[in-house]
Structures are given as structure tokens and as C-alpha cells.
Amino acid sequence: MQSYLQLCQRIVDEGVWVTNERTGKRCLTVINADLEYDVAGNQFPLITTRKSYWKAAIAELLGYLRGYDNAADFRALGCKTWDANANQNEAWLANPHRRGEDDMGRVYGVQGRSWAKPDGSHLDQLRKVVDNLSKGLDDRGEIVTFYNPGEFDRGCLRPCMHTHNFSLLGDTLYLTSYQRSCDVPLGLNFNQVQVFTLLALMAQITGHKPGRAYHKIVNAHIYEDQLELMRDVQLKREPFPAPQLEINPEIKTLEDLETWVSLDDFAVHNYQYHPAIAYPFSV
Ligand SMILES: Nc1nc(=O)c2c([nH]1)NC[C@@H]1CN(c3ccc(C(=O)N[C@@H](CCC(=O)O)C(=O)O)cc3)CN21
Ligand SMILES: O=c1ccn([C@H]2C[C@H](O)[C@@H](COP(=O)(O)O)O2)c(=O)[nH]1
């Protein structure tokens with residue numbers, strides 16, 4: 001939590017105003033942030049200086065792991081975060097590849113689970129990583145990447161958290177996740193939860209102990225219409241201790257994640273938080 005607040009304060013103190021063409025808004029921006037989460041010690045990095053909707057963040061992660069390409073599927077899991085990008089983004093609405101209401105196109109999990117190969121077949125990146133790690137194998141390329149520039153024109157948004165690189169040292173699993181662009185008040189709130197939960201879940205289904213998760217961010221920003229709430233409200237609050245995440249131990253395979261797992265299989269304990277803050281969202 002301290003490292004999140006330090007990043008917010010750093011943006012407020014040292015950020016540079018950058019005009020963003022896609023959203024038409026200015027962002028106060030810094031370059032490079034390194035966050036680290038203690039998954040072994042179950043220090044769940046949930047924001048405590050406002051109410052954080054952790055279930056929606058885990059639902060979004062579950063949708064990526066399943067390869068969802070439709071905002072309706074995310075809604076059915078309990079997550080509305082893709083509604084706006086699928087249905088209100090002017091460039092995507094005008095894109096001939098968009099297949100109607102709620103379609104997100106070939107983004108995130110679609111790339112992770114069915115990367116298109118030149119011969120017309122598809123590659124399941126996540127399956128390969130799960131199979132190797134389950135056998136105790138780390139080929140130094142246990143990577144799931146959603147970043148496919150050749151198909152950017154077939155999706156509603158380029159992935160922000162785009163690459164997850166797993167590592168095995170003995171029986172401990174580590175994760176390094178890379179993010180090119182980060183909406184610190186809204187997106188990071190979710191992304192911290194997702195990096196932590198991804199390592200915890202992958203360790204559980206591949207039979208290893210979770211270690212630490214490393215989260216590397218390039219462009220970290222606060223949109224102009226979020227700045228006042230961050231500077232004058234959220235940053236004035238004192239954080240509470242980190243809560244703990246409990247995951248149903250019956251989740252044992254990738255198939256479990258693909259089929260029956262729901263948000264009822266996750267619980268957070270000892271979550272103390274300050275009142276909610278409704279930050280504006282930019283499409
Ligand atoms: N501008 C922008 N910021 C983002 O963080 C973002 C995007 N766009 N587009 C793609 C996804 C969607 N994500 C989102 C979208 C909405 C919320 C959001 O509105 N969160 C609220 C309430 C969530 C709820 O009620 O479930 C929050 O207060 O955290 C968070 C992340 C993260 N990504
Ligand atoms: O997981 C996510 C997804 C998106 N974001 C934010 C980062 C940016 O503010 C926008 C994406 O805009 P680009 O113009 O494509 O960079 O969404 C996030 O923080 N986390």
C-alpha cells in the first residue's frame with residue numbers, strides 16, 4: 001500500500017503533463033514504477049485508502065484466463081469494466097472487424113489462449129506454461145503475452161498489462177508482469193490485485209509455493225479530471241494494514257479455472273478501508 005501511495009505522490013509532485021490523443025485528455029505522467037507483492041506472506045495489495053472492488057478485478061482476470069472476447073461474458077462473471085471500451089469507443093465502433101454489441105475483438109485473453117499462427121492454427125500460450133510448470137520445468141521462456149501488434153486493428157484496446165513471465169526456483173514460483181500504460185487511480189487498483197492473484201492461482205494449479213510478484217510499469221498517469229480527488233482526498237488518508245486473500249483449495253487445474261470457478265471461490269479477510277471514491281473513467 002505504501003508503494004502505491006508513494007507512486008501517487010510522485011506523480012502529483014514530479015509528473016509532467018502529457019496530452020493524450022486517444023482520450024482527448026491531459027495526463028500527469030511519470031515514467032517507470034516498480035512494485036512488488038509478497039504472495040508467499042499473503043499480503044494482498046488491495047487499496048485501503050478507498051473502497052476497492054476486488055471481486056471485479058478477479059473476475060476480469062478470470063475472463064482473461066478463459067480467453068473471453070466479449071463484454072457480456074465479463075459482465076456474467078461480475079465485471080463491467082469492458083462495457084465502455086467495447087461499446088462507446090468511437091474508433092472501435094467504426095472498425096469493420098467489430099462483430100456487434102459487446103465485442104472486444106482480439107484482445108488480452110484471446111491472444112493468451114489462441115494466438116493466430118501464419119498456418120491458420122492457433123497457439124495456447126497459457127496451456128504451455130501451465131504444462132511446463134506442472135512438470136517442474138522452467139525453460140526461461142514461461143511467458144504469456146497479450147501484445148500482438150499485428151492484430152491491434154482487430155481489438156478495441158491495446159493491452160495495458162501485456163506480458164506475464166513466470167519463473168521457478170526450486171519449488172517456488174515467481175511472476176514478473178509488465179504494463180506499458182497505467183491509469184493509477186482506477187486501473188492500478190485492479191492490476192495490483194490481478195498480478196498477486198495470478199501468481200497465487202498459477203502456484204496453486206501447478207503445485208508450487210508462491211514467492212514474490214514483480215510488477216513493472218512504464219507510463220504511470222493520473223487523468224486531469226482525477227487529480228483533485230487523488231491529491232486532496234485519497235492522498236490525505238492513512239492506509240490500513242494489508243488484508244489476506246483466500247482461494248478455494250479445490251481449484252487444482254486450468255480446466256477448473258475454465259469451467260466452474262466463480263467469485264464465490266475467493267474471499268478477502270481483514271479488509272479495512274476508507275469510503276469509496278468515484279474516479280472519472282476515460283474511454
Ligand atoms: N481509462 C482507462 N482506465 C482503465 O483503468 C482501463 C481502461 N481505460 N480500459 C480498459 C480497462 C478497464 N478497466 C477498468 C474499468 C473501469 C474501472 C472502474 O470503473 N472501477 C471503479 C468501480 C468498479 C466497480 O464498481 O466494479 C472503481 O472505483 O474502481 C476500473 C478498471 C481497466 N482499464
Ligand atoms: O488493465 C488496465 C487496462 C487499462 N488501463 C488504462 C491505462 C490507460 O489509461 C488506458 C489505456 O489507454 P492507452 O491509450 O491504450 O494507453 O487504460 C490500466 O491502467 N490497466
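Please treat every number below as a calculation from the coordinates, not as lab data. Every value quoted in this text rests on a predicted model; they were computed, and no experiment measured them. Positions of Cβ are backbone-derived with ideal geometry, glycine not excepted, and every protein chain shown enters the neighbour counts.
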Please list 3J(HN,Hα) in residue order for segment 210-221, calculated via the Karplus relation 6.51 cos²θ - 1.76 cosθ + 1.60 where θ = phi - 60°; whole Hz, with x for glycine and proline. x, x, 10, 10, 10, 10, 10, 10, 8, 8, 10, 9
Taking the Cα centroid of segment 111-163 and of segment 244-281, what is the distance between the two, rounded to the nearest whole Å? 24
Explain nothing, just compute: Karplus ³J(HN,Hα) = 6.51 cos²θ - 1.76 cosθ + 1.60, θ = phi - 60°, for every residue of segment 174-182 in order, whole Hz, x for Gly and Pro. 10, 9, 10, 10, 10, 10, 8, 8, 9
Projected onto the charge dipole of segment 1-269 (+1 at Lys/Arg Cβ, -1 at Asp/Glu Cβ, origin at the Cα centre), which of Leu227, Tyr178, Cys160 gives the Cα projection farthest towards the positive end? Leu227
Given Cβ point charges of +1 (Lys, Arg) and -1 (Asp, Glu) and nothing else, what value in debye, to the nearest 20, does the dipole of the chain about its Cα centre take? 300
Aspartates and glutamates with Cα under 12 Å of Lys128, excluding same-chain neighbours fewer than 8 positions away: Asp138, Asp139, Glu142
Please give every one of the lysines within straight-line cross-link reach of Lys80, meaning a C-alpha to C-alpha distance under 21 Å, and leave out same-chain neighbours fewer than 8 residues apart. Lys51, Lys55
Return the aspartates and glutamates within reach of Lys117: Cα separation strictly under 13 angstrom, same-chain partners fewer than 8 residues apart disregarded; answer none if there are no such residues. Glu151
Correct response: the longest run of the chain lacking exposed GluC sites (Glu not before Pro), defined by DSSP loop and at most 14 other Cβ within 10 Å, is 102-249
Would you mind checking the radius of gyration and Dmax of the chain based on alpha-carbon positions, in Å? 18.4, 56
